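Please read the structure below before turning to the comments.
The values are calculated or read from the model by the stated rules, or taken from the named source; none is laboratory data. Please read all numbers here as calculations on a predicted model, not as lab measurements. Virtual Cβ from ideal backbone geometry, glycine too; neighbours counted across all protein chains shown.
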């Protein structure tokens with residue numbers, strides 16, 4: 001009953017054993033996976049992977065790291081990709097002030113542009129926010145963004161509460177299992193159960209006991225187990241709730 005709402009299984013890290021990775025996911029109770037684009041090439045790969053795999057769906061978008069590379073041809077092609085079969089959302093989009101691989105004004109313009117596109121297409125958005133909490137919230141409010149999720153949430157409970165007030169979901173990934181993540185664990189405990197999602201962000205951010213190694217969708221079970229333990233819930237209840245939330249948000 002688990003849904004990995006954020007994966008990058010199209011990346012080269014999985015080229016040697018992708019079928020086995022998927023088999024492990026299904027064996028660990030994962031029903032569906034949403035594979036996420038971060039530029040045109042990865043968005044197209046995500047659509048292709050979803051076409052090949054009945055239990056994989058896609059999201060398409062331009063990541064803030066890649067915003068400076070986007071040109072007129074990118075913005076012309078993206079709406080067509082967003083209407084392809086099995087595309088569930090626009091993402092991942094947002095702001096990243098930690099690495100600043102694109103100038104901040106360029107990131108902000110790309111973020112706004114894709115929010116507007118998602119609103120026109122009636123699709124939810126998948127938001128990347130790293131060290132850019134104030135501007136992320138300001139843009140979401142300015143643009144009257146519709147439904148969406150703050151993926152791999154890394155902020156405080158106070159920031160999470162503001163996102164919830166805007167109608168967004170909060171998605172928790174592997175760092176919730178780290179011993180140095182008390183703020184994230186507080187968020188995982190306090191987010192209303194009907195606004196919570198789980199993800200891996202694989203191949204990145206593998207949970208304990210795989211920290212530092214390649215992450216994969218099967219490990220979303222470890223994320224769910226940790227959150228269930230923090231909340232004092234059976235895993236089955238946490239899994240059923242987060243899966244119901246994913247179905248509601250993405251329209252499975």
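Determine which single condition residue 91 fails, assuming it passes every other condition in (1) part of a helix (DSSP H, G or I); (2) surrounded by 23 or more Cβ atoms within 10 Å (Cβ to Cβ).
(1)
So is residue 9 touching a residue at least 60 places away in the same chain (Cβ under 8 Å), within 14 Å of the chain's Cα centre (by Cα) and either surrounded by 15 or more Cβ atoms within 10 Å (Cβ to Cβ) or over 19 Å from residue 204 (Cβ atoms) (or both) or not?
yes
Mind counting the residues in the range 33-45 that are in contact (Cβ under 8 Å) with a residue 40 or more places away in the chain and part of a helix (DSSP H, G or I)? Don't jump to the end; show me each part of the working.
Quick first cut of the range 33-45, residues in contact (Cβ under 8 Å) with a residue 40 or more places away in the chain only: 33-34, 36-38, 40.
Narrowing further to those that are part of a helix (DSSP H, G or I): 40.
Summing the residues that are in contact (Cβ under 8 Å) with a residue 40 or more places away in the chain and part of a helix (DSSP H, G or I) in the range 33-45 gives 1.
For the range 138-149, does any single residue satisfy the condition of being in contact with a strand residue (DSSP E or B) (Cβ under 7 Å, 6 or more places away or on another chain) and assigned to a loop (DSSP other than H, G, I, E, B)? Give the steps one after another, and end with the answer.
Of the residues in the range 138-149, the ones in contact with a strand residue (DSSP E or B) (Cβ under 7 Å, 6 or more places away or on another chain) are 145, 148-149.
Those still in the list that are assigned to a loop (DSSP other than H, G, I, E, B) too: 145.
Yes, the range 138-149 contains at least one residue that is in contact with a strand residue (DSSP E or B) (Cβ under 7 Å, 6 or more places away or on another chain) and assigned to a loop (DSSP other than H, G, I, E, B).
Looking for whichever is crowded, with 23+ Cβ neighbours inside 10 Å and in a helix (DSSP H, G or I) here; the options are 246, 236, 228. Which one fits? Please lay out each step first, then the result.
Working: 236 fails: crowded, with 23+ Cβ neighbours inside 10 Å; 228 fails: crowded, with 23+ Cβ neighbours inside 10 Å.
Only one candidate passes the filter, namely 246.
Is it the case that the range 1-13 has a residue that's assigned to a helix (DSSP H, G or I) and either in contact with a helix residue (DSSP H, G or I) (Cβ under 7 Å, 6 or more places away or on another chain) or within 18 Å of residue 171 (Cα to Cα) (or both)?
So the first thing to find is which residues in the range 1-13 are assigned to a helix (DSSP H, G or I), and the list is 12-13.
Cutting the leftovers down to either in contact with a helix residue (DSSP H, G or I) (Cβ under 7 Å, 6 or more places away or on another chain) or within 18 Å of residue 171 (Cα to Cα) (or both) gives us none.
No, the range 1-13 contains no residue that is assigned to a helix (DSSP H, G or I) and either in contact with a helix residue (DSSP H, G or I) (Cβ under 7 Å, 6 or more places away or on another chain) or within 18 Å of residue 171 (Cα to Cα) (or both).
Would you confirm, using the coordinates I've provided, whether residue 186 is farther than 19 Å from residue 228 by Cα and either part of a helix (DSSP H, G or I) or over 12 Å from the mean Cα position of the chain (by Cα) (or both)? Walk me through it before giving the result.
Values: farther than 19 Å from residue 228 by Cα: no; either part of a helix (DSSP H, G or I) or over 12 Å from the mean Cα position of the chain (by Cα) (or both): yes.
Answer is no for this residue.
Among the residues of the range 59-80, write down those that are within 22 Å of residue 202 (Cβ to Cβ) and free of Cβ contacts under 8 Å to residues at least 60 places away in the same chain. Give the steps one after another, and end with the answer.
We begin by selecting, within the range 59-80, every residue within 22 Å of residue 202 (Cβ to Cβ); these are 59-66.
Residues satisfying the conditions are 60, 62, 65, 66.
Do we have residue 189 as loosely packed, with under 15 Cβ neighbours inside 10 Å, touching a helix residue (DSSP H, G or I) at 6+ places or on another chain (Cβ under 9 Å), within 24 Å of residue 211 (Cβ to Cβ) and at pLDDT 95 or above here? Break it down stepwise before answering.
Values: loosely packed, with under 15 Cβ neighbours inside 10 Å: yes; touching a helix residue (DSSP H, G or I) at 6+ places or on another chain (Cβ under 9 Å): yes; within 24 Å of residue 211 (Cβ to Cβ): yes; at pLDDT 95 or above: yes.
The answer is yes for residue 189.
For residues that are farther than 14 Å from residue 117 by Cβ and not in a loop (DSSP other than H, G, I, E, B), tally how many sit in the range 47-66. Quick ask: steps written out before the conclusion?
Of the residues in the range 47-66, the ones farther than 14 Å from residue 117 by Cβ are 47-58, 63-66.
Then keep just the ones that are not in a loop (DSSP other than H, G, I, E, B); that gives 47-52, 56-58, 64-66.
The number of residues fulfilling the criteria is 12.
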